[in-house]
Amino acid sequence: MSERLSWRGRLSLVARDDDLGATEKETPCYATLDLALGFRLTKRLEAGFLLENLTDRAYPDSPEEKAVLAPGRGVSLTLSQKF
């Protein structure tokens, strides 16, 4: 790619957890996929675009019994300035 454009992807594979502690519940296996794109606008300014959890999979954020499910698909836009 060019010096102005960057990208990255992340695939997370998590195995089922059935080795439980006193306050934990079994958690299923799951996969998530994130993609990011960055574009350098000037020497000091960069814009970014992030797509999170493209599989839109609901998964437990923790094995704790009271844990809530992590959010589904997400989108983030960023603008970074170097000083």
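Of note:
- The Cβ shell under 13 Å around G72 holds other residues with a net charge of -2, Lys and Arg each +1, Asp and Glu each -1.
- Computed over the chain: relative contact order in percent, which uses C-alpha pairs under 8 Å that are six or more apart: 26 percent
- Which labelled figure in [x] 5.9; [y] 6.7; [z] 7.3 is mean projected area of the Cα convex hull in nm², once derived from the coordinates: [z]
- A simple spin-label model places the labels of T23 and L50 2.8 nm from each other, with each point 7 Å out along Cα-to-Cβ.
- Among residues other than N53 with Cβ under 13 Å from its Cβ, the summed charge is -1 (Lys and Arg +1, Asp and Glu -1).
- Selection from A58, F83, G38, by position along the positive dipole direction of the chain (Cβ): F83
- Residue of A70, A36, A22 that the Gaussian network model of the chain assigns the largest fluctuation, springs spanning Cα pairs under 10 Å: A22
- Candidate lysines for bridging to K66, where Cα separation is under 16 Å - those fewer than 8 sequence places away on the same chain excluded: K25
- Placing +1 on the Cβ of every Lys and Arg and -1 on the Cβ of every Asp and Glu, with no other charges, gives the chain a dipole of roughly 860 debye about its Cα centre.
- Highest-MSF residue in the chain out of L45, L35, L11 [GNM, Cα springs under 10 Å]: L45
- Length added when fully stretched, R73-D61, from 0.36 nm per residue minus Cα-Cα: 2.9 nm
Taken together, the values in this text are just the output of simple stated rules run on the coordinates, not laboratory data. Given the structure is predicted, the values throughout are model-derived calculations rather than measurements. Please note: Cβ atoms are built from the backbone with ideal geometry, for glycine as well, and neighbour counts cover all protein chains shown.
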